[in-house]
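The numbers here are math on the coordinates, done by the rules we state, and not lab data. Keep in mind that what you see is a predicted model, and the values were worked out from it rather than measured. Heads up, the Cβs are rebuilt from the backbone with ideal geometry, glycines too, and the neighbour counts pull from every protein chain shown.
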Amino acid sequence: MEHNNFSKNAIPVKFGLFIGFGMMFFTTINNLYWIDNFILYSVMNFVILIGGLIGIVLSGLQQRKAMGGYITIKEAFSALFITTVIATFINAVYGYIYASTIDPNLVDKIKAGSIELMERMKAPEETIDQAMEAMEAKTKDSLKISKVLFAYAQSLIGYGIVNFIIAAIIKKNKPAETV
């Protein structure tokens, strides 16, 4: 079945924008209302990640449906990766703007929440100090453009692996024609 008016990028772009702006919205809510509760903040970050992954899967399934129910692994991966690049780019740019301009104390708030949780769990002071040193080393200069771009590239590699697995699952080859 040929799809003359089919644009192979329309669905991935639409889903990428939807996921990216959705992640922006929920990240903002998380940063505004749940940052004081480190456990809830972490759980919500995980929920945002899972929501993004579900959106990526739905993007691939919609692409397959639009292609007449059949999609190769290459076509699926391409659609998933376009969705991912757009969504994660929006999220990375927004995260940078949020942490550098909207709430420059965000990293400090996260650190404070981590300390509070460890203290509530009665972690030894030495353990808390080690965790804070590790967090300080990880977040030092975290808003430098080079570090932001490096983190973005790392996330694309990780998502690329996940996208390949999803593509392998959602692919559906056309049956061989019998003569």
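Brief remarks follow.
- Remark: the Cα gyration tensor places segment 49-126 in the prolate category, a/c being 1.5 or greater and a/b exceeding b/c.
- Relative to one another, the C-alpha centroids of segment 123-175 and segment 35-89 are positioned 16 Å apart.
- For the chain, the 222 nm mean residue ellipticity estimated from helices alone, with every DSSP H stretch of n ≥ 4 adding -39500 (n - 2.57) and the total spread over all residues, rounds to -26000 deg cm²/dmol.
- Taken about its Cα centre, the chain carries a charge dipole of roughly 940 debye when the Cβ of each Lys and Arg holds +1 and the Cβ of each Asp and Glu holds -1.
- Semi-axes of the equivalent ellipsoid of segment 1-75 are 34, 12, 6 Å, computed as sqrt(5λ) over the eigenvalues of the C-alpha gyration tensor in descending order.
- Sorting 32-42, 90-100 by their mean Cβ neighbour count within 10 Å, with the most densely packed peptide first, gives 90-100, 32-42.
- Mean sequence separation of contacting Cα pairs (under 8 Å, at least six apart), scaled by the length of the chain, corresponds to a relative contact order of 33 percent.
- Protection proxy ranking of 16-27, 142-153 - average other beta-carbon atoms within 10 Å, highest first: 16-27, 142-153
- Which of TYR96, MET135, ALA168, positive extreme of dipole for segment 10-170 (C-beta unit charges): ALA168
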